[in-house]
Amino acid sequence: MSFYGLVDGSDSSLRKYLGALSGVDQVGADARAAMLATRSIKTSSKRWAIDTAISMVDLTTLEGADTPGKVQALCTKAVRPDPTNSSVPSVGAVCVYNDMVAVARKHLDLVGGAHVGLAAVSTAFPSGRASMPVKIQDTQDALDAGASEIDMVIDRGAFLSGNYIDVFNEIVQIRELCGTKAHLKVIFETGELTTYDNVRKASFLAMAAGADFIKTSTGKIAPAATPPVVLVMLEAVRDFYQMTQTRIGVKPAGGIRNTKDAIKQLVLVNETAGPEWLTPSLFRIGASALLNDLLMQRMKMDDGYYASPAYVTID
Amino acid sequence: METQVSFEYAPAPESRSVVSIKPKYGHFIGGKFVAGSKHFPTINPATEEVLSQIALAGKADVDAAVKAARKAYTTTWSKMSGKERGKYLFRIARIMQERAREFAVLETLDNGKPIRESRDVDVPLAAAHFFYHAGWADKLEFAGLGTSTKPHGVAGQIIPWNFPLLMLAWKVAPALAAGNTVVLKPAESTSLTALLFAEVCQQAELPAGVVNIVTGDGSTGALIVNHPGIDKIAFTGSTEVGKIIARAVAPTQKSVTLELGGKAANIIFEDAAIDEAIEGIVNGIFFNQGHVCCAGSRLILQESVADEVLEKLKKRMAQIRVGDPMDKNTDLGAINSKEQLLKIRELSATGDSEGAERWSAPCDLPKKGFWFPPTIFTGVTQSHRIAREEIFGPVLSVLTFRTPQEAIDKANNTPFGLSAGIWSEKGSRILWASQQLRAGVIWANTFNKFDPTSPFGGYKESGWGREGGRHGLSAYLKGVGHE
């Protein structure tokens, strides 16, 4: 693999590449994200943002209590979020645990959802604490069952102890496994990396290793996709595009529960990475509760009043 | 949804129904609004709409205001305990917060600054100055300035048009906390929020004559400066007028503080956090249309990162939303007056003629009103006029350096010394540079941050004295280090 010519796969070249990155000033990043949160998105732009956000949702269920029935319901909802209104777009993907991928694949195909992505969380999600053979087998299972997107976690322990090359090599191996069969999203668990410097470093590491998407969190750790963390990642993909002419996607996940939060994310994308990233192929929002709030707000814009929650489905 | 549609923000205008602007205003003297004799129009610089007629104070008006202030000083304010004065200041601060939206809308209409800035910066900071100084009123002997300090008496205060309400707060709050009474003159193009503040004084039942507001132009200012009944002058404005005031008060007993111009250096070292430095550069020069005396108007860039920074800066500047100041998403509003716009154009033209390279962000400027796009000049040297003179607009001069010492030498090579910025992730470099820079305010990894507890003021021709904090308080007390 060529790694965009940025590194040669050796520890020293990786250290040199990461060492050349400029730092992130936490106060400044927080301030910029807070300023962008004041943008007032109204009327036609709000309508556009709601539909765009729906099409970017990775509709997620990642629970120990997941059953085939639950996953099937989720898939139906993903294809037709509002059964009474066909103008509502499908979501970007459904996101499930590995053992549910086969169920989801079958049901998506059954309900005409071939266009909806199927993401599997992989590599011993959420902690990533397993041996590499296990992680590889885990990923292979998901691919065999028909996943079109692999959401892998990085080894945060290795990252925090400075073993960047281990983190890099794991991503490279999973990337090779995915080949052309699946998009690779790399989850950092930013709540465990804790500093914006680490988020920036992890972003550039994952992009060079072959990630198609960089993703904030598993949803199991708080804080997750805070606006400044997403800002730092959007700056990273923007800068990486300058370096390589390749656009890498960003997926915030965790803590984005309502339309207001989702629109703030779109503003961050628009004014940081740029409007080119405002497409489901380059920006996704990992969420479960968010979709219903988007649907409620969409109905409100059409009807002029808030409908009862009974009018949106709970699947 | 795969088709790319741009995320256009629909107009999000703040409503102006919250303010009622009278067709004509008088002065506020002795607790009452009194009619003026001559008037001049005040306009909305974003539309050139005439908002109201403002009274032009002559000698009789200034005499009456000084007389009212003196009476209030001798009969009421100087006799009142600090604790009671503090109560009035707290009350004013609370009313300003309650009427914040009104102040913000009026400031934006009269000044042209974006509603986001008047709402999020000017008005909250103005209230914060009153809260901060309210706390000092009964603790003056614990301010470390000695136990026998006394107020000056009547303070004459002349403020500029760039932060009309905020500059009023910087002047009035410490003066009142220290026990002075005031005669204040707002800038001729931005009197409306000062007149609304007069209403707040009435609402707070501030004793008559403690705050007097006369409106007018430079001639009114001269009457205040030269008035024998005034004990202290506080001025914020241009260095040129500051020098005239200094000459005028030199042979008198008057105390004086001056907050004047600046040409601040914003120094970007190669080890800076570049993305945040870009935000700092933008905030440093494009905040408030660059109508900021401490604006970071000289960008001093380390050559090793100059290309990267300039490329990122231009991209970022292209995103600045220029237009209707009442729109909540506007980043850069209108230039405050035609006169100021002409000055910005003239100085920018010297940048072209002296060989610097101009780049302006592509943006559609409204047809009516006074507008100037966010602009940078590269290839600027110390001898360019745009590197030496204050432009007071959204125009940034970019210079480069090779070694840290060269950055400091260039930064200090100016008659001004109000503020400076240092961008580096290396703590020792920040500490070293801040000791070398000759400027009153030095920001590290940030810019244009203000707080009532922090003294603000300049070295060299950027002014005399400080405002804010204990240092600012001392300017309104005598018996501090002299007499």
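The values are calculated or read from the model by the stated rules, or taken from the named source; none is laboratory data. None of the values given here were measured: they were computed from a predicted structure. Neighbour counts run over all protein chains shown; Cβ positions are idealised from the backbone, glycine included. Just so you know, the surface numbers come from the protein's heavy atoms only, side chains and all, with ligands and any DNA or RNA stripped out. Shrake-Rupley method; radii C 1.70, N 1.55, O 1.52, S 1.80 Å.
Values as computed for the structure displayed
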item	result
Heavy atoms of residue A:241: accessible area, 1.4 Å probe, square angstrom to 10	50
Ranking by accessible area, most exposed first, for B:476, A:306 with a 1.4 Å probe	A:306, B:476
Peptides B:365-371, A:22-28 ordered by average Cβ neighbours within 10 Å, highest first	A:22-28, B:365-371
Leading residue at positive end of dipole, the stretch B:265-454 (Cβ point charges), from B:445, B:365, B:273	B:365
Relative packing of peptides A:284-290, B:386-392, A:14-20, B:135-141 - highest average C-beta neighbours within 10 Å first	A:284-290, B:386-392, B:135-141, A:14-20
Protein-only accessible surface order, largest first, of A:131, A:217 at 1.4 Å	A:131, A:217
Among B:317-330, B:76-89, B:210-223, the order from most to least packed when residues are scored by Cβ within 10 Å on average	B:210-223, B:317-330, B:76-89
Bridge type composition, the stretch B:265-454 - antiparallel percent by DSSP, nearest 5	15
Percent carbon-and-sulfur accessible area, the protein assembly as shown, ignoring ligands, DNA and RNA, probe 1.4 Å	53
Estimated buried accessible area (total), pair B and A, 1.4 Å, Å² to nearest 100	2700
Area of residue B:357 that stays accessible when all protein chains are in place (1.4 Å probe, Å², to 10)	120
Gyration tensor (alpha-carbon) shape descriptor, the stretch A:3-302, a/c threshold 1.5	oblate
Exposure rank, largest accessible area first [A:95, B:363; 1.4 Å]	B:363, A:95
Computed over chain B, Cα set: Rg, Dmax in Å	22.3, 77
Fraction of beta bridges assigned by DSSP in the protein assembly as shown that are antiparallel (%, nearest 5)	25
Radius, Kirkwood style, for the stretch B:196-275 when every pair of distinct Cα atoms is counted (Å)	15.9
Peptide B:9-19, shielding by other chains (average Cβ, 10 Å cutoff)	3
The stretch B:265-454 - Debye-derived log10 I(q)/I(0), Cα point model, q = 0.11 Å⁻¹	-0.45
For residue B:90, solvent-accessible area (1.4 Å; no DNA, RNA or ligand), Å²	80
P(r) of the stretch A:216-315 over all Cα-Cα pairs, binned every 5 Å from zero, in whole percent	2, 13, 21, 20, 16, 13, 9, 4, 2, 1
The stretch A:172-249: C-alpha gyration tensor shape, a/c 1.5 cut-off, then a/b vs b/c	oblate
Exercise: per-residue mean of other protein chain Cβ atoms within 10 Å, A:17-30	5
Accessible area in square angstrom per residue, chain A, 1.4 angstrom probe	37
Average beta-carbon neighbours from other chains, 10 Å sphere, peptide B:328-338	1
Cα gyration tensor shape for the stretch B:2-42, rounded if a/c is under 1.5, else prolate or oblate	prolate
Unit charges at the beta carbon, dipole of chain B: most positive-side option, B:23, B:115, B:175	B:175
Enclosed volume per residue, in Å³, of the convex hull spanned by Cα atoms of the protein assembly as shown	175
Check: chain B dipole with +1 on Lys, Arg Cβ and -1 on Asp, Glu Cβ, in debye	1920
Gaussian network model of chain A, Cα within-10 Å springs - most flexible of A:184, A:59, A:160	A:160
Considering only chain B, percent of DSSP beta bridges that pair antiparallel, nearest 5	35
Relative counts (whole %) of C-alpha pair distances in the stretch A:112-253, using bins that are 10 Å wide	13, 46, 34, 7, 0
Helix-only mean residue ellipticity at 222 nm for chain B, each DSSP H run of n ≥ 4 adding -39500 (n - 2.57), per residue, nearest 500	-11500 deg cm²/dmol
